[in-house]
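One structure below.
The values are calculated or read from the model by the stated rules, or taken from the named source; none is laboratory data. Quantities reported herein were computed from a predicted structural model and do not represent experimental measurements. Neighbour counts are summed over all protein chains in view; Cβ atoms, including those assigned to glycine, are modelled from backbone coordinates with ideal geometry. Protein only, heavy atoms only, side chains kept; ligands, DNA and RNA dropped before computing areas. Shrake-Rupley method; radii C 1.70, N 1.55, O 1.52, S 1.80 Å.
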Amino acid sequence: MDLTMAEKIAAFCRELQDSAIEGIARANGAGEIFDRVKAAVLAGQGEAATEADLDLLNRTVRESEGIEFYPRRARAYQPLSGASPDSGALWWSCPAGLCAGRGRVRPGEDPPVCATGAALVPRPLTR
């Protein structure tokens, strides 16, 4: 899977709020790795949340549950030749620049909250 570090951190942050990844990690001997990645992300240190640790947590979830917490790559935008590079769409983006954000901004939607506790901010969708 060809995901950037920011996309992997975004997947981990979503799982912190929406699922039982911590329990799965602890039940499968990866509790220390979970703690290390979570501490780094909460401290705003994305570079400290190593890719190897994130990949191991993803593999642990896949082997235990039969699913992955990494998303399939679905976000992409490339303008037509001669068109403006801006799609006009907004994406919920990490205010700390650690992760790839959390989805398209919809009218009237409250901003999701980052794992660090800050509200995500709407930014233009880029390639």
Classify region 5-65 as rounded, prolate or oblate from the Cα gyration tensor: take a ≥ b ≥ c as the square roots of its eigenvalues, call it rounded if a/c is under 1.5, otherwise prolate when a/b beats b/c and oblate if not.
prolate
Per DSSP, loop trypsin sites (Lys or Arg not before Pro) in region 1-75 with at most 10 further Cβ within 10 Å
R72
Residue-span extension gain [A96 to A6] - 0.36 nm each, minus C-alpha spacing:
31.3 nm
Which value in nm describes the separation of the simple spin-label points at R36 and T116, placed 7 Å from the Cα toward the beta carbon?
2.2
In Å², and per residue, what accessible area does region 5-65 have when probed at 1.4 Å with the other protein chains present?
48
Using 0.36 nm per residue of separation minus the Cα-Cα distance, give me the extension gain between N28 and E109 in nm, one decimal.
25.5 nm
